[in-house]
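Encoded as structure tokens, the structure appears first; notes follow it.
The values are calculated or read from the model by the stated rules, or taken from the named source; none is laboratory data. If you're wondering where the values come from, they're calculated on a predicted model, not measured in any experiment. Cβ placement follows ideal geometry from the backbone for every residue including glycine, while neighbour counts extend to all protein chains displayed. Just so you know, the surface numbers come from the protein's heavy atoms only, side chains and all, with ligands and any DNA or RNA stripped out. Shrake-Rupley method; radii C 1.70, N 1.55, O 1.52, S 1.80 Å.
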Amino acid sequence: MKRTKLLTVISALFLLTACGEDNHSHTYGSEWKYDEVNHWHAATCEHKDAKSGNAAHSFGEATLVDGEKKVTCSTCGYTKDFNPNDVEHSDGFDNVTEFDDPIEIHTERQKEYLNYDGQYLTMPENLFPNGDATISDPVKTTITWDFDDDEEVSKYSVTIGQKRDLSDGFEIIGTKAKSLDLYNLFLGKNYYRVNAYMEDSKVGSDVYELTVDSTVPRNLYVGNRMTNCRDVGGKTLESGGKIRQGLLLRTCGSGYAMDRNYIDDEGKMILKDQLKVKSEINLNDSNAYNVNIEGTTVYDTFMDYAQVRTDSKHHFSRNTENVRNVFDILSRKESYPVFFHCRIGTDRTGLIAILVNGVLGVPLNQIYQDYLFSNFGKIGSKRKIGAGDDDDITRYMNEIQAMPGETFQEKVYNTLITIGVSREIIANMMNILVEGAAPENDNGQIVISAKDMTLSGTTLQTEDKTSLVARSGPASYAALKANATATAMFTTTAGTKSIYAYLGNNDSNTSKKVETSISVTLDGEAVTIPSISFKDAGMGKCNNRVNYYFVKLGEVTVNGAGQHTLVVKGLQNDMNIGNIAIF
């Protein structure tokens, strides 16, 4: 195949150029100067800004340097890491498919579901699938082309990205056939280029663009043995911002129990090379369904599941510390892109998706839509809202909805900070995931951890948190026995305040009550604690781990602005306290 290469040869030690009224001639050094884009000869006279031979780099083929692929400019010798997108462009490509109209990635059945104009909370069950087949994959789009000299071609590929320079792109590898199916396109604008691989080189077509219908979700194809896979990104937030695509993905686990089909090599390649995952968060209660992509960090957060093995109420109440683990991971930029899963990617995965979407400000109706979309995957049985069984998300959704806040986003935020997810962690996660306007969360909430309380009759209990996945309880808590006290000092404005506590106990007894285990006073005045049993408060034990859950201790009227004193005292039954939150 004929290709033209430009080789600049500089033989003179310096060049002369006329300048100004004195007919000054610049002098230039023979050594090449360069940055990441261009190279040049710098002036050696007093006109230091003058340059000679200023031009863009001309990189040759990639070579291995200390085991890493590098490319070197044939003119100046500048070397950088090889980027597969920095390929020579060829005029040998003709009739590359161009798309004038938006591409649809959803099947007709998916579109019918996504175009529902009612509330998904009360959507009739006959309007969504039964969860008995994998119909969650996206529609693939075929692209074709001609190439004028393809005897030397060993294979073709297409690179797709959200940036015109394809620096963020991924590559779909094909064969020698001049046709390829595109999948996992980004919602909105995409750029693409066809590439031809020769024996020792790679050339690409011009860069074209196409638009994908922006309807969420960006459902993903991850090989023939994975189901229920989609991008959390692409959603528009109530604040006006958007969740960035390609950073946070939800999937099933490998070898999910519906048919024990483990992820195939194609699926692993898609996760590693296309979706470029760096972290896998396992929400299952074992590592049996881990995908274990080479080069990724796997976090086993080990969430408990079935109520028959636990004493708790629902997925959230038995896993609040695991939720904290997940948010810690998601607050770290180096974790991304992340994919998270349990077994089938629906219930524990659904809890994390609801909390993440909720705290970022996804509209509530779309949160329910996303939850029910799992029924397009092969998940074994239909998931319904309000089903009344172990998987009924309304059990914890109702409790979140009862939290203080004007919007669901505020309620989720207040829930998370009550269980000990710090403001900084949530803010860091938002900075990573949100492009544009993010929610405003500082509404005067007060959270006081046990380590910041004054304790009497007890000592501060701590747990080693050096390993995120080792967490089984709060980093610090006060164990209140009879007559022991935890005193919290805080400053707030006057008005009606709600008081919540993050409480833990290994007993799910229905006859034991929170109000007979602790008493609460604010500035010496007793706070009336609602009658609630240990079980209804989310107490209990899951696989030798004490359950902690947020409990409303009551509402009080603060008569004046300034500093106030809240005292929690142990009574009849032992109780652990991790945080006090005041709204």
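At-a-glance table
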quantity: Those residues of the range 368-401 which are aliphatic (A, V, I, L, M), part of a loop (DSSP other than H, G, I, E, B) and touching a helix residue (DSSP H, G or I) at 6+ places or on another chain (Cβ under 8 Å), in sequence order; calculated: ILE385, ILE393
quantity: Per-region count, the range 493-528, residues polar (S, T, N, Q), touching a Phe, Trp or Tyr at 6+ places or on another chain (Cβ under 7 Å), buried (at least 16 other Cβ atoms within 10 Å of the Cβ) and part of a loop (DSSP other than H, G, I, E, B); calculated: 1
quantity: Subset of the range 230-272 that is open to solvent by less than 30 Å² (accessible area, probe 1.4 Å) and part of a helix (DSSP H, G or I) - its residue that is nearest to SER335 (Cα to Cα); calculated: LEU271
quantity: All positions within the range 197-229 that are in a strand (DSSP E or B) and either of a type in the set (Asp, Glu) or over 19 Å from the mean Cα position of the chain (by Cα) (or both); calculated: TYR197, LYS202, VAL203, GLY204, TYR208, GLU209, LEU210, THR211, VAL212
quantity: Those residues of the range 514-525 which are out of contact with any Lys or Arg (no Cβ under 9 Å at 6 or more places or on another chain) and farther than 22 Å from GLY473 by Cβ, in sequence order; calculated: GLU515, THR516, ASP523, GLY524, GLU525
quantity: Test: residue in the range 44-56 that is closer than 22 Å to GLY161 by Cα, modelled with pLDDT of 75 or more and part of a loop (DSSP other than H, G, I, E, B); calculated: no
quantity: Odd one out for PRO217, checked against (1) crowded, with 19+ Cβ neighbours inside 10 Å; (2) in contact with a Gly (Cβ under 6 Å, 6 or more places away or on another chain); calculated: (2)
quantity: Test for ASN365: is it part of a helix (DSSP H, G or I) and over 20 Å from PHE490 (Cα atoms); calculated: yes
quantity: Matching residues, the range 529-566, being among the β-branched types (Val, Ile, Thr), part of a strand (DSSP E or B) and crowded, with 20+ Cβ neighbours inside 10 Å; calculated: VAL551, VAL556
quantity: Leading residue by the ranking (farthest from LEU351 (Cα to Cα)) among those in the range 305-327 that are among the β-branched types (Val, Ile, Thr) and open to solvent by less than 30 Å² (accessible area, probe 1.4 Å); calculated: THR310
quantity: Qualifying residue in the range 416-436 (condition: open to solvent by less than 30 Å² (accessible area, probe 1.4 Å), under 30 Å from ASP231 (Cβ atoms), among the small types (Gly, Ala, Ser) and not in a helix (DSSP H, G or I)); calculated: yes
quantity: Members of the range 283-304 found to be touching a residue at least 60 places away in the same chain (Cβ under 8 Å), open to solvent by 10 Å² or more (accessible area, probe 1.4 Å) and assigned to a loop (DSSP other than H, G, I, E, B), listed by number; calculated: ASP285, PHE302
